[in-house]
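The values are calculated or read from the model by the stated rules, or taken from the named source; none is laboratory data. This structure is a prediction, so every number in the text was calculated from the model and none was measured. Cβ placement follows ideal geometry from the backbone for every residue including glycine, while neighbour counts extend to all protein chains displayed.
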Amino acid sequence: MNNLIEVKYISTKKGKGLFAKQQIKKKTIIDVANVILISNKDYELIDKTIVSNYCFIWENPKYKSKYKMALAMSICQFMNHSYTPNVRYEYHYKNDSIKFITIRDISKDEELTMNYNGLVNDKSPVWFEVEE
């Protein structure tokens, strides 16, 4: 059980989100998710389902384009998108994992968010209507 974060229901439109159970300092690793690599062939099937909303683009050169997507096995899958996030993530291809790190201090009961585009400052459109 993670003593820093928990999943809470927000609304019917937004669903669930991830919240701080206590104050969390900047640069804290809140979770490390191991990933399941999804073959390109399997992703063609997944792309038509809700599961595709939870996949990360996986561009590890050692797989030579066999796997371009990954599913993170983590509580952080419940983290919502924001163009002003308080968490960033970084890929660790060597051990097929994703590390989630706070980018500022976070208050108790504050929602944790990340930019689904991968870069904190990337304002590119996402595939859904953003509710900030």
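Pairs under 7 Å by beta carbon, first residue in contact (Cβ under 8 Å) with a residue 40 or more places away in the chain and loosely packed, with under 12 Cβ neighbours inside 10 Å in segment 27-47, partner among the hydroxyl-bearing types (S, T, Y) and not in a helix (DSSP H, G or I), six or more apart or different chains?
Final answer for the pair search is K27/T102.
How about segment 49-76: which of its residues are among the small types (G, A, S) and either at pLDDT 85 or above or surrounded by 15 or more Cβ atoms within 10 Å (Cβ to Cβ) (or both)?
Scanning segment 49-76 gives S52, A70, A72, S74.
Please go through segment 22-81 and pick out each residue that is within 15 Å of the chain's Cα centre (by Cα) and of a type in the set (F, W, Y).
Correct list: Y54, F56, W58, F78.
Would you check which residues across segment 1-48 are modelled with pLDDT of 90 or more and part of a loop (DSSP other than H, G, I, E, B) and list them?
Passing the criteria: N3, L4, K21, Q22, Q23, K25, K26, K27, T28.
In segment 77-101, how many residues are in a strand (DSSP E or B) and basic (K, R)?
2
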